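Worksheet for the structure shown next.
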Amino acid sequence: DVKTSYKDMSKLVYPFYIILHPIDGFNEMKFNKKGSLAIANTIVIVWFFAEICRRQLTDFAFNPFRPDKFNVFYVMLLTFVIFFIAVVANWCFCTLLDGKGKFADIWVAGSYALLPMIIGIILYTVLSKFMVLDEGVFLTYLVWIANLWSAWLVVVALEVTHEYTLKKTLFSIFLTVLGMLIILFLAILVFSLYSQVVTFVRSIYNELLYRI
């Protein structure tokens with residue numbers, strides 16, 4: 001019986017169970033602590049390395065990136081940093097909207113929801129080595145299906161984690177995106193001000209050295 005088998009399932013296998021049974025899976029995660037912070041962190045790390053591999057190892061005919069322009073910090077921004085900001089924004093807004101999920105709950109559920117997208121990235125990288133250019137449309141479909149699958153899992157994860165209705169979940173996702181934009185804007189503003197202050201202090205220091 002599928003509904004009883006997951007209760008004895010290893011936490012290592014559980015993320016793959018959630019892919020096919022998200023409602024049961026996320027409910028079991030929330031109420032019976034089937035999630036694992038260590039596995040969640042591992043998934044995010046695998047996502048980071050999968051993105052690196054996609055940029056560096058995808059066959060040139062299907063690679064929209066320039067391997068010679070590779071920047072590991074940019075990849076880190078698109079994975080670790082963006083995911084962290086998304087979790088922070090969701091936690092902040094959902095706390096105001098009576099959401100039941102804690103920061104760690106959102107982090108674990110959200111990372112598990114990323115798994116189809118990560119699998120899609122890995123398959124895209126590997127299959128690109130064995131396909132000709134005319135077959136590239138299948139790789140595009142693969143990426144779209146993987147991304148939409150993860151998006152659906154994110155909706156279910158947040159709905160279960162915060163004990164929301166579907167309508168309230170979608171509204172919280174809208175607020176989360178808005179919150180991410182605000183956080184990124186403030187981060188860019190602070191960085192810009194910091195750079196200006198450093199430049200100003202450095203110019204004064206150089207001027208003093210010149211006069212002395």
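Here is how the numbers come out for the structure above:
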item	result
Residue in region 78-95 that is open to solvent by 70 Å² or more (accessible area, probe 1.4 Å), more than 21 Å from Glu51 (Cα to Cα) and not polar (S, T, N, Q) present	yes
Residue pairs meeting the criteria (Cβ under 8 Å; at least 6 apart or on separate chains; first among the β-branched types (Val, Ile, Thr), in region 114-141; second open to solvent by 80 Å² or more (accessible area, probe 1.4 Å))	Thr125/Leu57
Complete set of residues in region 180-212 that are of a type in the set (S, T, N, Q) and open to solvent by 100 Å² or more (accessible area, probe 1.4 Å)	Gln196
Any pair with Cβ under 6 angstrom, 6 or more apart, that starts in region 48-75 at a residue that is small (Gly, Ala, Ser) and ends at one that is not in a loop (DSSP other than H, G, I, E, B)	Ala50/Ile118; Ala50/Ile121; Ala50/Ile122; Ala61/Leu133
Scan of region 61-75 for residues that are surrounded by fewer than 10 Cβ atoms within 10 Å (Cβ to Cβ) and at pLDDT 85 or above, ordered by number	Asn71, Phe73
Of all residues making up region 61-89, the number that are among the charged types (D, E, K, R) and either under 24 Å from Met131 (Cα atoms) or touching a Gly at 6+ places or on another chain (Cβ under 8 Å) (or both)	2
Tally of residues being open to solvent by 40 Å² or more (accessible area, probe 1.4 Å) and among the hydrophobic types (A, V, I, L, M, F, W, C) across region 46-60	5
Residues satisfying the stated conditions in region 10-32, i.e. among the hydrophobic types (A, V, I, L, M, F, W, C), open to solvent by less than 60 Å² (accessible area, probe 1.4 Å) and under 23 Å from Lys102 (Cβ atoms)	Ile18, Phe26, Met29
Of residues in region 97-109 being of a type in the set (A, V, I, L, M, F, W, C) and assigned to a helix (DSSP H, G or I), the one most open to solvent (accessible area, probe 1.4 Å)	Phe103
Members of region 121-179 found to be open to solvent by less than 30 Å² (accessible area, probe 1.4 Å), small (Gly, Ala, Ser) and more than 17 Å from Arg54 (Cα to Cα), listed by number	Ser150, Ala157, Ser172, Gly179
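Table: residues versus (1) under 15 Å from the mean Cα position of the chain (by Cα); (2) modelled with pLDDT of 95 or more.
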{"position": "Ala104", "(1), (2)": "yes, no"}
{"position": "Ile119", "(1), (2)": "yes, yes"}
{"position": "Val137", "(1), (2)": "no, no"}
{"position": "Tyr164", "(1), (2)": "no, no"}
{"position": "Gly179", "(1), (2)": "no, no"}
{"position": "Ile188", "(1), (2)": "no, no"}
{"position": "Ser203", "(1), (2)": "no, no"}
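The values are calculated or read from the model by the stated rules, or taken from the named source; none is laboratory data. Just so we're clear, the structure is a prediction, and the values are computed from it rather than from any experiment. Because the Cβ atoms are built from the backbone with ideal geometry, glycine has one as well, and the counts that use them run over all protein chains shown. For accessibility, only protein heavy atoms count, side chains too; no ligands or nucleic acids. Shrake-Rupley method; radii C 1.70, N 1.55, O 1.52, S 1.80 Å.
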